[in-house]
Amino acid sequence: MANDPDCIFCKIAAGIAPSFKIYEDAEALAFMDINPFNEGHTLAIPRAHFANLHEVDEAAMTATLRAAKRAAKAIEAVLKPDGINLIQANGPGAAQSVMHFHIHVFPRKFGDEASLNWGLKPGDRKAIGALAERLKAAIG
Ligand code: AMP
Ligand code: ZN
């Protein structure tokens with residue numbers, strides 16, 4: 001499986017960088033975003049490295065979407081957000097900051113005023129880790 005030794009998401013997939021993983025299978029995984037816009041902000045990625053939507057193969061994309069759906073179901077059950085967006089960025093104009101294909105599972109609250117370039121504010125790692133345990137337990 002192709003990976004990039006300098007890529008933080010490849011390192012997370014390989015278990016050599018820390019993450020709050022809530023779901024994993026042979027092809028894909030889902031883990032908490034450490035700069036959550038709203039509580040429960042999660043990322044789904046393929047294990048293999050693909051820079052973006054143009055590079056990712058269909059099998060990896062499908063596996064990533066499946067992981068995103070599983071994560072969304074757990075987020076819905078545990079947090080009952082007002083809604084959930086799936087967001088996926090490609091290239092600097094789309095504010096892609098990590099060059100490993102990923103889908104944001106992005107819980108929404110009425111009035112949160114999310115914009116597509118929402119900025120990255122560090123979250124409370126203790127709270128993110130505690131929520132990851134609740135979501136992991138809710139993965140169907
Ligand atoms: P994007 O801007 O669409 O490329 O999204 C990349 C996301 O990855 C951002 O929301 C970051 O907060 C998140 N991120 C970057 N590094 C990590 C990490 N080590 N663990 C979890 N999330 C990360
Ligand atoms: Zn990678």
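Numbers below:
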{"quantity": "Region 88-117 residues that are assigned to a loop (DSSP other than H, G, I, E, B) and more than 16 Å from ligand 2 (Cβ to nearest atom), paired with ones that are open to solvent by 90 Å² or more (accessible area, probe 1.4 Å) and aliphatic (A, V, I, L, M) (beta carbon under 8 Å, 6 or more apart)", "calculated": "Ala95/Leu116"}
{"quantity": "Residue check for Ala74: touching a strand residue (DSSP E or B) at 6+ places or on another chain (Cβ under 7 Å), buried (at least 21 other Cβ atoms within 10 Å of the Cβ) and farther than 20 Å from Leu116 by Cβ", "calculated": "yes"}
{"quantity": "Matching residues in region 89-134 - criterion: being open to solvent by 70 Å² or more (accessible area, probe 1.4 Å) and closer than 22 Å to Ala48 by Cα", "calculated": "Pro92, Ser97, Met99"}
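Listed here are the residues, each with its yes/no results for (1) away from ligand 2 (no atom under 14 Å from the Cβ); (2) of a type outside the set (S, T, N, Q); (3) touching a residue at least 24 places away in the same chain (Cβ under 8 Å).
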| residue | (1), (2), (3) |
| --- | --- |
| Met1 | no, yes, yes |
| Phe9 | no, yes, yes |
| Ile16 | no, yes, no |
| Phe20 | yes, yes, yes |
| Thr42 | yes, no, yes |
| Asn52 | no, no, yes |
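The values are calculated or read from the model by the stated rules, or taken from the named source; none is laboratory data. Everything numeric in this text was worked out from a predicted model, so none of it was measured. Virtual Cβ from ideal backbone geometry, glycine too; neighbours counted across all protein chains shown. Note: areas computed on protein heavy atoms with side chains; ligands, DNA, RNA excluded. Shrake-Rupley method; radii C 1.70, N 1.55, O 1.52, S 1.80 Å.
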